[in-house]
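Participant: Okay, handing you the structure first.
The values are calculated or read from the model by the stated rules, or taken from the named source; none is laboratory data. From a predicted model like this one, the values you see are computed outputs, not experimental measurements. Note: areas computed on protein heavy atoms with side chains; ligands, DNA, RNA excluded. Shrake-Rupley method; radii C 1.70, N 1.55, O 1.52, S 1.80 Å.
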Amino acid sequence: MPQPFLFSVIDKAAYDYKMIEDGDRILVGASGGKDSTVLINYLSNRMKRRDENFTFTAMHVQTEITPPLSESLSELFKSWNVFPQTLDVNVLGRLKPGRRMNCWWCSTQRRMELLSYALANGYNKLALGHHLDDVLETLLMNMINKGELATMAPRMQYKNYPLTVIRPLCYVDESSIIEYARQNNFISTTCTCTYQDNSGRKEARKKLEDLTDRDVLKKRRLFSSLKHIYPEYLP
């Protein structure tokens, strides 16, 4: 049975950046959203192929302000032979006096927990569900707000830890993920806490859509430009 076209796009990213290799033990962040759910679906599908020699564990970081994985989503994971584990984290208790909770702080704390768990339990890779739009939005935010040419790397080896972060969805635009989730009746859980403040990313998202006319090919060319750099034509 042929695999979905979306998986072929993920395969290319995984191949181009050598994201999944023989003997890998991969920890996957399972937020409950559409992106991580598609990533887990892909990995469970890939494990069924011949000559694949890797394992992965889905990990949900549960906080006091984010919803747990829904029962329907947990059942969907089980149908893929995936049994998520849960880490409980008190993100509010980590805030320093006078600081305000926001999306960046919460996501950073959850990612740190995934990192610590991976290191403590012998995983050599941490897979995150950031997609093409996430990468380009971060690029624009860094350029405009920090004056830096930097973004989320598809594959990033930590210098001080024996762990590599991979983002297999880096070639996949968000609209394709939404359509795939709709076609397959994925029920995703989104954060509805009262601390949300991601206006910077929303602004970057609008700038990206205006810049590319919502055209996925233009988004891919923008991503490709990060790999085709001509220093002689730069300041």
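Participant: Please work out whether region 68-160 counts as rounded, prolate or oblate from its C-alpha gyration tensor, where a ≥ b ≥ c are the square roots of the eigenvalues and a/c under 1.5 means rounded, while otherwise a/b larger than b/c means prolate and anything else oblate? Please list the in-between numbers first.
Facilitator: Working: a/c = 1.65, a/b = 1.34, b/c = 1.23.
Cα axes put region 68-160 in the prolate bin.
Participant: Between their Cα atoms, which of Lys146/Lys218; Lys34/Lys96; Lys12/Lys48; Lys146/Lys206 are more than 22 Å away from each other? Let's see the in-between values first.
Facilitator: Values: Lys146/Lys218 24 Å; Lys34/Lys96 32 Å; Lys12/Lys48 18 Å; Lys146/Lys206 18 Å.
Those over the limit are Lys146/Lys218; Lys34/Lys96.
Participant: Out of the total accessible area of the chain (probe 1.4 Å, heavy atoms of protein only), what percent is carbon and sulfur? Show your work: numbers first, answer last.
Facilitator: On the way: 7020 of 13450 Å².
Answer for the chain: carbon and sulfur cover 52 percent of the accessible area.
Participant: Taking amide H positions as placed in the peptide plane 1.01 Å from N, state which residues far from His60 in sequence (5 or more) or on other chains have amide H under 5 Å from it.
Facilitator: Amide H neighbours of His60: Ala30, Gln85, Thr86, Leu87.
Participant: Report, ordered by chain and residue number, the aspartates and glutamates lying within cross-link reach of Lys219, taken as a straight Cα distance under 14 Å and ignoring same-chain residues fewer than 8 apart.
Facilitator: Asp133, Asp134, Glu137, Asp173, Glu174, Glu209, Asp210
Participant: Please tell me the relative contact order of the chain in percent, rounded to the nearest whole number, where contacts are Cα pairs under 8 Å and at least six residues apart. The partial results should precede the final answer.
Facilitator: Details: 331 pairs, mean separation 58.3, N = 235.
The value is 25 percent.
Participant: Largest first, what is the accessible-area ranking of Glu21, Glu203 with a 1.4 Å probe? Before the final figure, lay out each step's value.
Facilitator: On the way: Glu21 70, Glu203 110 Å².
The ordering from most to least exposed comes out as Glu203, Glu21.
Participant: Over region 105-235, calculate the relative contact order: mean separation of alpha carbon pairs under 8 Å at least 6 apart, over the residue count, as a percent.
Facilitator: Details: 116 pairs, mean separation 33.8, N = 131.
Computed value for region 105-235: 26 percent relative contact order.
Participant: Right, next: What is the set of long-range amide H partners of Leu163 at a cut-off below 5 Å, with H atoms built 1.01 Å from backbone N?
Facilitator: Amide H neighbours of Leu163, under 5 Å, 5+ apart: Tyr158.
Participant: Next question. List the DSSP H helices in the chain whose Cα atoms stretch 15 Å or more along the helix axis and whose mean Kyte-Doolittle hydropathy is at least 0.5. Each step should come with its number before you reach the end.
Facilitator: Numbers: long enough: 5-16 (17 Å, 0.72); 34-46 (18 Å, -0.48); 103-120 (26 Å, 0.03); 199-212 (20 Å, -1.69).
Qualifying helices: 5-16.
Participant: Which one is right for this structure if Rg and Dmax of the Cα atoms in Å is calculated from it: [x] 22.2, 71; [y] 16.6, 48; [z] 18.0, 56?
Facilitator: Of the labelled values, this structure produces [z].
Participant: For the chain, give me the percentage of DSSP beta bridges that are antiparallel, rounded to the nearest 5 percent.
Facilitator: Working: 3 of 19 bridges.
Approximately 15 percent, going by the DSSP bridge assignments.
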